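Trainee: Sending over a structure as structure tokens; questions will come in a sec.
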Amino acid sequence: MSELKKGTRAQISLNKIVIKLTEYFKHEKVRQIVILYLVNILGIPLGIFTSIVITKYLGAEIYGDYSLIINIFSFSLVLFTFGFFQAGNRALVLTQDKEKAREIYGAVLVLLFFLFILMSICLSIYGILDLNLKTKQLTNIFLFFLPFGWIFLLTNYFETLFQADNRIYDLAKTRLYPKIGFFISALVIYFFFSKIEINKLVVVLSLYLVTFLVVYLATLRRIKISFRGLKANIKEVWGYNKSFGFDVYIGSVLSVGLTSLSGVIISYFGEDNTGVGFYTLALTFASPLTLIPNVIATTHYKEFALQNKIPTKLTFLTIGLTATTLLLLWAIVGPFILFFYGASFSPVIQLNLIVSTGIAFHGLADYYNRFLGAHGQGKSLRNGSIFVGLSILTMNLIFIPLWDETGAAFAKLVSGIIYFANMYYYYSKLKSSLNTRLINE
């Protein structure tokens with residue numbers, strides 16, 4: 001009889017939990033968090049299994065060549081935005097008019113076109129003059145793919161504007177669909193192109209860009225961009241760039257931009273690009289650690305703009321999930337790499353242990369970064385990023401000549417800790433200021 005009562009109480013408790021979860025998931029914000037988080041989680045195995053197929057097709061050295069070219073374009077999409085995407089982000093945060101939002105998308109897209117022209121000119125000069133590309137016989141391939149560099153700028157465009165406009169489902173699609181497309185393409189490459197005499201690097205880069213191109217063009221059509229009042233809207237975005245966007249841009253160049261240069265610097269000090277590939281894979285395996293803080297902060301971006309501080313429960317949840325993910329990664333990464341990639345990729349294991357810790361700190365720093373961004377604290381973001389960026393550049397130039405890709409991993413670790421300390425400092429400073437203002441009112 002007592003066993004029956006225990007079973008009944010357990011069933012009642014379970015029913016209560018189900019009811020509470022059902023009520024919880026009725027909230028739009030909760031659904032957005034779950035969708036974006038699941039999309040990012042799904043993107044991880046897609047990215048990893050795609051890399052397995054690609055590395056088997058290309059081999060360690062050519063995979064390093066592929067990683068180098070992607071790293072150069074990744075740095076360029078930070079360097080050549082000049083803060084205009086962040087300025088558009090600010091304009092979208094401050095408007096509730098849907099038609100106005102469509103016009104802002106149009107204005108920023110026009111600015112993207114001119115940014116691409118400037119980027120193409122500069123990268124053409126770099127590609128022609130750079131001795132490293134010439135020595136490793138990558139100059140022609142790099143210049144061939146240069147006209148498609150605007151696809152990389154669109155990545156930044158969608159990431160920045162969709163967050164501000166709370167288009168979380170569209171953001172989720174632009175993150176997931178290209179990865180699905182490239183995974184399918186990788187399988188096609190491996191099973192149908194392996195025995196064909198063709199430039200493997202050209203094949204992989206072509207299919208990579210095509211998958212992103214298809215998704216991005218469909219996304220541009222879906223959001224129904226408007227070019228009405230173009231001159232006035234560009235002027236407005238330009239104004240936000242002066243007061244906010246350019247400050248964030250300076251910080252991004254000196255933190256995100258210089259961080260993406262790590263792979264390029266490894267290439268300059270290596271006989272080939274194998275180390276670039278190893279370091280890139282280590283970053284790929286560590287990428288889940290940025291998902292939890294970024295998803296939570298992204299879905300709360302609009303709310304952050306109205307709050308005096310980040311809710312304590314939200315912070316504990318973010319830290320707890322990040323730490324748990326880090327420990328799970330350490331437990332499985334070694335056996336996984338040895339089984340799927342083989343012993344020739346074993347250096348990735350040690351690199352990942354170092355890099356993952358740095359990325360965990362980096363993800364938590366981004367969590368506070370979003371709050372500062374939602375409050376228009378461009379100068380704080382800039383000042384913190386300047387220190388972080390100069391630190392990682394200095395450490396890369398010291399450590400990489402000594403320890404190659406392992407040096408880059410240690411630079412990533414130290415820079416992650418520095419970035420977290422900076423963002424938390426500026427967050428604490430802003431929180432104190434907002435509370436004081438509230439008391440005075």
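The values are calculated or read from the model by the stated rules, or taken from the named source; none is laboratory data. Keep in mind the model is a prediction, meaning the values are calculated, not measured. Backbone-built Cβ (ideal geometry, glycine too); neighbour counts: all protein chains shown.
Trainee: Looking at V253, V204 in this structure, which one is in contact (Cβ under 8 Å) with a residue 24 or more places away in the chain, buried (at least 21 other Cβ atoms within 10 Å of the Cβ) and closer than 20 Å to R175 by Cα? Even if it seems obvious, please write down each step before you answer.
Mentor: On the way: V253 fails: closer than 20 Å to R175 by Cα.
The unique qualifying residue is V204.
Trainee: Out of (1) closer than 19 Å to W238 by Cβ; (2) buried (at least 22 other Cβ atoms within 10 Å of the Cβ); (3) in contact with a Phe, Trp or Tyr (Cβ under 8 Å, 6 or more places away or on another chain), what's the single condition that is false for L109?
Mentor: (2)
Trainee: Ok, one more. Residues in segment 354-393 that are closer than 11 Å to Y419 by Cβ and of a type in the set (V, I, T): how many?
Mentor: Here the count works out to 3.
Trainee: Determine which single condition I19 fails, assuming it passes every other condition in (1) farther than 30 Å from Y190 by Cβ; (2) surrounded by 14 or more Cβ atoms within 10 Å (Cβ to Cβ); (3) modelled with pLDDT under 80.
Mentor: Going through (1) farther than 30 Å from Y190 by Cβ; (2) surrounded by 14 or more Cβ atoms within 10 Å (Cβ to Cβ); (3) modelled with pLDDT under 80 one by one, I19 breaks only (2).
Trainee: Surrounded by fewer than 23 Cβ atoms within 10 Å (Cβ to Cβ) and touching a residue at least 24 places away in the same chain (Cβ under 8 Å): which single residue out of T259, T284 fits that description?
Mentor: T284
Trainee: Quick one: in segment 396-409, of everything that is hydrophobic (A, V, I, L, M, F, W, C) and over 20 Å from the mean Cα position of the chain (by Cα), which residue is surrounded by the most Cβ atoms within 10 Å (Cβ to Cβ)?
Mentor: I400
Trainee: Hey, could you check segment 336-383 for residues that are buried (at least 23 other Cβ atoms within 10 Å of the Cβ) and hydroxyl-bearing (S, T, Y) and say which is modelled with the highest pLDDT?
Mentor: If we take residues in segment 336-383 being buried (at least 23 other Cβ atoms within 10 Å of the Cβ) and hydroxyl-bearing (S, T, Y), then S356 is modelled with the highest pLDDT.
Trainee: Then there's this: Which of the residues that make up segment 173-192 are under 14 Å from R222 (Cα atoms) and either buried (at least 22 other Cβ atoms within 10 Å of the Cβ) or in contact with a helix residue (DSSP H, G or I) (Cβ under 6 Å, 6 or more places away or on another chain) (or both)?
Mentor: Result: T174, single match.
Trainee: Also: Can you name the number of the only condition in (1) closer than 16 Å to E103 by Cα; (2) part of a helix (DSSP H, G or I) that I151 fails?
Mentor: That leaves (1) as the condition not met.
Trainee: Of a type outside the set (V, I, T), in contact (Cβ under 8 Å) with a residue 60 or more places away in the chain and more than 19 Å from E405 (Cα to Cα): is that true of G320 in this structure? Let's see the steps before the verdict.
Mentor: Details: of a type outside the set (V, I, T): yes; in contact (Cβ under 8 Å) with a residue 60 or more places away in the chain: no; more than 19 Å from E405 (Cα to Cα): yes.
No; evaluated as a whole, the condition is false for this residue.
Trainee: Give the residue, chosen from F49, F148, F73, F82, that is under 22 Å from the mean Cα position of the chain (by Cα) and buried (at least 21 other Cβ atoms within 10 Å of the Cβ).
Mentor: F73
Trainee: Would you confirm whether or not segment 305-326 contains a residue that is part of a helix (DSSP H, G or I) and under 28 Å from G64 (Cα atoms)?
Mentor: Scanning segment 305-326, I find at least one residue that is part of a helix (DSSP H, G or I) and under 28 Å from G64 (Cα atoms), so the answer is yes.
Trainee: Taking the criterion of being farther than 30 Å from K56 by Cβ, among the small types (G, A, S) and part of a helix (DSSP H, G or I), would at least one residue in segment 338-360 satisfy it?
Mentor: So far as segment 338-360 goes, no, none of its residues is farther than 30 Å from K56 by Cβ, among the small types (G, A, S) and part of a helix (DSSP H, G or I).
Trainee: Go through the residues of segment 96-114 one by one and say whether even a single one is in contact (Cβ under 8 Å) with a residue 40 or more places away in the chain, closer than 17 Å to V253 by Cα and among the β-branched types (V, I, T).
Mentor: No: segment 96-114 contains no residue that is in contact (Cβ under 8 Å) with a residue 40 or more places away in the chain, closer than 17 Å to V253 by Cα and among the β-branched types (V, I, T).
Trainee: Counting just the residues of segment 268-298 that are among the polar types (S, T, N, Q), under 15 Å from the mean Cα position of the chain (by Cα) and part of a helix (DSSP H, G or I), which one comes out modelled with the lowest pLDDT?
Mentor: Here the residue is T298.
Trainee: When L326 is evaluated against the numbered criteria (1) over 21 Å from the mean Cα position of the chain (by Cα); (2) within 30 Å of L372 (Cα to Cα); (3) free of Cβ contacts under 8 Å to residues at least 40 places away in the same chain, which criterion, by number, is the only one it fails?
Mentor: Only one criterion is unmet by L326, namely (1).
Trainee: Next question, about the same structure. Quick one: how many residues across segment 121-142 are hydrophobic (A, V, I, L, M, F, W, C) and exposed (fewer than 15 other Cβ atoms within 10 Å of the Cβ)?
Mentor: Qualifying residue count for the region: 6.
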